[in-house]
Amino acid sequence: MPTLTCSIVLYKNNTIVLLNAINSILSSPLCSKLYLIDNSPTNALKNIVDSEKVEYTHIPANIGFGAGHNVAIKKSMALGAKYHLVLNPDVYFIPETIDKLVDFMDLNPQTANVMPLVLYPDNTIQYVCKLLPTPYDWIGRRFNPFKSLVDKRNQLFELRFTNYNQTMQVPYLSGCFMFLRNSCLQKVGLYDENIFMYGEETDLCRRFISAGYKTFFFPSAQIYHVFEKGSHKSLRLTWIGIKSAVYYFNKWGWFFDKERKKINKETFTQLFNANV
């Protein structure tokens, strides 16, 4: 049984940045296969790397982030891989990162998803650990002109008060790097393809938790994420993000969501008590 497969969904990427991601995962001997799922209009990226580990698939239509990764995850399951890594094309890391994450997952069989410490290239922390979002967190916060109020909410919503220096169970982890257990995916299903982009990782994390699995932040391993906040720079991407949020809240609940309230309260209480 292969230990690990990986997928990167492409869309007209910067080749230098993309090669950093590709070379990072190919440098790990634990990765058996890298699936490049290309949603670009042309297959110009087809020959970006020459490796027997790489399988390139061109889809001449932008089917979305989650749908693209689902193509690869199905291949991973057919191969019989134990774990699958969903990797952004702007992430890079050292091979030992994969070793640490595999060891963590092997020791914690109820964990469906684990995320390492995520750093900007200048070594500052990216706040990738979050509570389950309310409509304010995803829509209102984005347009709130009062920075002090946004910063105050972020201390709680993004769990900044923990200092990100400890292993912790977190209900919502960023989608830039999702180290997933395939057996858990087989139970809860793959990405919801009704979400084109933004929020598909939140939905998947929530389904893991609802099914009794765990999602962990593990800062003993670390990665670098270039992360340019595209949705904050493009009206089109902002609109895509809003549509995804509306779909997510229609699915799980807007202002009355007992499960969200319960999960967030338990998470905050546990982490706050551990940090006082």
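What to note about this one:
- A residue that is of a type in the set (Phe, Trp, Tyr) and within 22 Å of Val86 (Cβ to Cβ) occurs somewhere in segment 178-186.
- Residue list for segment 173-192, restricted to those being within 15 Å of the chain's Cα centre (by Cα) and over 18 Å from Leu101 (Cα atoms): Leu190, Tyr191, Asp192
- Complete set of residues in segment 2-49 that are of a type in the set (Val, Ile, Thr), in a strand (DSSP E or B), out of contact with any Cys (no Cβ under 8 Å at 6 or more places or on another chain) and touching a residue at least 60 places away in the same chain (Cβ under 8 Å): Ile8, Val9
- Residues located in segment 254-267, provided they are farther than 15 Å from Cys205 by Cα and surrounded by 15 or more Cβ atoms within 10 Å (Cβ to Cβ): Asp257
- Qualifying helices (runs of 4 or more DSSP H) (wholly inside segment 107-214; at least 3 residues being at pLDDT below 95, more than 28 Å from Ile73 (Cβ to Cβ) and of a type outside the set (A, V, I, L, M, F, W, C)): 147-157
- Within segment 103-125, being touching a Leu at 6+ places or on another chain (Cβ under 9 Å) and either aromatic (Phe, Trp, Tyr) or farther than 17 Å from Gln169 by Cα (or both) holds for one residue alone: Ile125.
- Within segment 172-193, residues that are without any contact (Cβ under 8 Å) to a residue 24 or more places away in the chain reach no partner that is crowded, with 23+ Cβ neighbours inside 10 Å with beta carbons closer than 6 Å at six or more positions or on different chains.
- Screening the candidates Leu149, Leu185 for the property of being of a type in the set (A, V, I, L, M) and exposed (fewer than 15 other Cβ atoms within 10 Å of the Cβ) yields one hit, Leu149.
- Residues in segment 86-101 that are crowded, with 20+ Cβ neighbours inside 10 Å and either in a helix (DSSP H, G or I) or in contact with a Pro (Cβ under 6 Å, 6 or more places away or on another chain) (or both): Thr97, Ile98, Leu101.
- Residue match in segment 60-80 (condition: in a strand (DSSP E or B), without any contact (Cβ under 8 Å) to a residue 60 or more places away in the chain and more than 16 Å from Asn194 (Cβ to Cβ)): no
The values are calculated or read from the model by the stated rules, or taken from the named source; none is laboratory data. Source: prediction; values computed, not measured. With ideal geometry, Cβ positions are generated from the backbone for all residues, glycine too; neighbour counts draw on all protein chains shown.
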